[in-house]
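Comments concern the structure below.
The values are calculated or read from the model by the stated rules, or taken from the named source; none is laboratory data. Since we're looking at a predicted model, the values are computed, not measured. Ideal geometry is used to build each Cβ from the backbone, glycine not excepted, and the neighbour counts take in all protein chains shown.
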Amino acid sequence: MFSVFSLPVCLPTPTSHLQFIMATRIRPSSKRCAVIGGSGFLGRHLVEKLLGKGYTVSVFDIRQSYELPGVTFHQGDLCDKQALLTALQGVSLVFHCASPAPASDDKALFQRVNIQGTQTVLQACTEAGVQKVVLTSSASVVFEGTDIKDGREDLPYAKKPIDYYTETKIEQEKLVLKACDKEKGLLTVAIRPHGIFGPRDPQLVPILVDTARRGKMKFIIGDGSNLVDFTFVDNVVHGHILAAESLRPESPICGKAYHITNDEPVRFWDFMSDILVGLGYAAPRYHLPYTLVYGLALLLWLLSLLLRPLVSFKPTFTPMRVALAGTHHFYSCSRAKQDMGYKPVVGLKDGIRRTVESYPHLRHGA
Ligand SMILES: NC(=O)C1=CN([C@@H]2O[C@H](COP(=O)(O)OP(=O)(O)OC[C@H]3O[C@@H](n4cnc5c(N)ncnc54)[C@H](O)[C@@H]3O)[C@@H](O)[C@H]2O)C=CC1
Ligand SMILES: CC(C)CCC[C@@H](C)[C@H]1CC[C@H]2C3=C(CC[C@]12C)[C@@]1(C)CCC(=O)C[C@@H]1CC3
């Protein structure tokens, strides 16, 4: 579905000569998009939905994890502008959902990819004539490890981000929103999902099951009453596509951030138990005080930093995970509902069922 100017049959005037020259370049088409990070969990779900909606999709990623008819893969690092420019030829819409995994805890990598890399993405988009950029940010940009209840987008960015991932996601979001410039013809918007889960997620369910298999999922951190947002991946995809399709110069969404969640806050430990029990593992039962576990996690993390040159070990209970497991963190989607008509398309219960069914290999005893 490349949108190419039709080739003139004859060239009688200078104007049609110009048309001929332009015919050799690919003109950006509104249904031609690129997904940076399209080999990842969210990226692939997004690619599949876009194809179903008639978009032509290019994937730009440092790795290729699958093949799909109708998708062109460009393997490269998003810090490489030339590689990006090749992938962005004729593209009018870019989804940027690439990031190193939060578990990597590698400061230099996060800074290079999420900050410098995002600057490079924005430069390449401008040079390639891209008109719209939809960034996958994170609701965690406002999370400092203390309770957030029904948080709105006007909460200030975390002054003391809880890890390097969050620190660089904040800078990334600022860069993308600042780049929104109607005169220059580049419109941007940031989607802030929270706790994405669903089939093929490489993080939440695999880490949970691994922890259970090692006998470490017996404990509830805190009193277990803390409410949290978990967002089924289809809803996150829906939010991204709504944002892309609403992004026009006159739209109120230009240069703004939007929370996208399931809009059904749930007790963190009920959600974990539903997944564990669904896969045949026991639900956590015994309570441990939050401050004790957080203190221990901090100590272990410091120890892992100090010993890094000698031994490499990655604690399961990182300060970030403990904070997420023991505090309230749920967000209001009312801005997305009002400005782009967002409504979750898959409910939490259904999302959990579909997720559990998609992991037969992680079932207890499998
Ligand atoms: N998983 C979650 O719960 C949440 C994720 N997010 C954000 O959603 C986005 C997607 O996350 P997931 O799909 O969960 O992660 P993922 O790890 O499955 O996907 C990220 C993709 O980015 C690619 N990538 C990393 N560095 C790259 C580079 N230098 N150049 C090109 N590609 C590169 C990876 O190869 C991978 O395919 C990320 O921006 C993440 O910060 C936001 C909120 C929650
Ligand atoms: C060992 C247990 C205490 C926790 C096991 C589950 C966790 C691995 C996940 C629970 C909440 C998740 C989450 C994220 C990653 C996976 C969890 C910590 C994010 C940090 C992913 C990136 C984001 O932008 C925010 C997410 C918040 C929730």
Here is a check on your reading of the model: is residue 141 part of a helix (DSSP H, G or I) and touching a Lys or Arg at 6+ places or on another chain (Cβ under 7 Å)? yes
Please determine whether any residue of the stretch 96-115 is crowded, with 18+ Cβ neighbours inside 10 Å and in a strand (DSSP E or B). yes
Whether any residue in the stretch 257-266 is farther than 30 Å from residue 363 by Cβ and over 18 Å from the mean Cα position of the chain (by Cα) is what I want to check. no
Restricting attention to the stretch 69-115, which residues are under 14 Å from residue 47 (Cβ atoms) and at pLDDT 95 or above? 71, 72, 73, 74, 87, 91, 93, 94, 95, 96, 97, 98
Anything in the stretch 120-133 that is more than 11 Å from ligand 1 (Cβ to nearest atom), within 20 Å of the chain's Cα centre (by Cα) and surrounded by fewer than 22 Cβ atoms within 10 Å (Cβ to Cβ)? List them, or say none. 122
Residue check, residue 215 against (1) more than 11 Å from ligand 2 (Cβ to nearest atom); (2) closer than 23 Å to residue 344 by Cα, all met but one. Which one? (2)
Here the residues within the stretch 185-206 that are among the charged types (D, E, K, R) and either modelled with pLDDT under 95 or crowded, with 23+ Cβ neighbours inside 10 Å (or both) are 192
For the condition more than 12 Å from ligand 2 (Cβ to nearest atom) and closer than 23 Å to residue 278 by Cβ, what is the one hit in 234, 210, 229, 223? 234
Identify all residues within the stretch 269-299 that are among the small types (Gly, Ala, Ser) and in a loop (DSSP other than H, G, I, E, B); write none if there are none. 280, 282, 283
Collect the residues in the stretch 134-182 that are of a type in the set (D, E, K, R) and within 13 Å of ligand 1 (Cβ to nearest atom), keeping them in residue-number order. 163, 167, 169, 171, 173
Do the conditions hold for residue 364, that is, is it surrounded by fewer than 16 Cβ atoms within 10 Å (Cβ to Cβ), in contact (Cβ under 8 Å) with a residue 40 or more places away in the chain, under 21 Å from residue 201 (Cβ atoms) and not aliphatic (A, V, I, L, M)? yes
Does residue 211 meet the test of being under 26 Å from residue 104 (Cα atoms), free of Cβ contacts under 8 Å to residues at least 40 places away in the same chain and of a type in the set (S, T, N, Q)? no
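Yes or no, residue by residue, for (1) assigned to a loop (DSSP other than H, G, I, E, B); (2) surrounded by fewer than 12 Cβ atoms within 10 Å (Cβ to Cβ):
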{"position": "301", "(1), (2)": "no, no"}
{"position": "304", "(1), (2)": "no, no"}
{"position": "310", "(1), (2)": "yes, yes"}
{"position": "313", "(1), (2)": "yes, yes"}
{"position": "316", "(1), (2)": "yes, no"}
{"position": "320", "(1), (2)": "no, no"}
{"position": "325", "(1), (2)": "no, no"}
{"position": "336", "(1), (2)": "no, no"}
{"position": "346", "(1), (2)": "yes, no"}
Condition check: buried (at least 16 other Cβ atoms within 10 Å of the Cβ), at pLDDT 95 or above, away from ligand 1 (no atom under 11 Å from the Cβ) and over 25 Å from residue 251 (Cα atoms). Does residue 209 satisfy that? yes
Going through the stretch 52-72 in order, the residues found to be over 19 Å from the mean Cα position of the chain (by Cα) and not in a loop (DSSP other than H, G, I, E, B) are 52, 56, 71, 72
Exception for residue 342 within (1) away from ligand 2 (no atom under 16 Å from the Cβ); (2) surrounded by 13 or more Cβ atoms within 10 Å (Cβ to Cβ); (3) not in a loop (DSSP other than H, G, I, E, B) falls at (3)
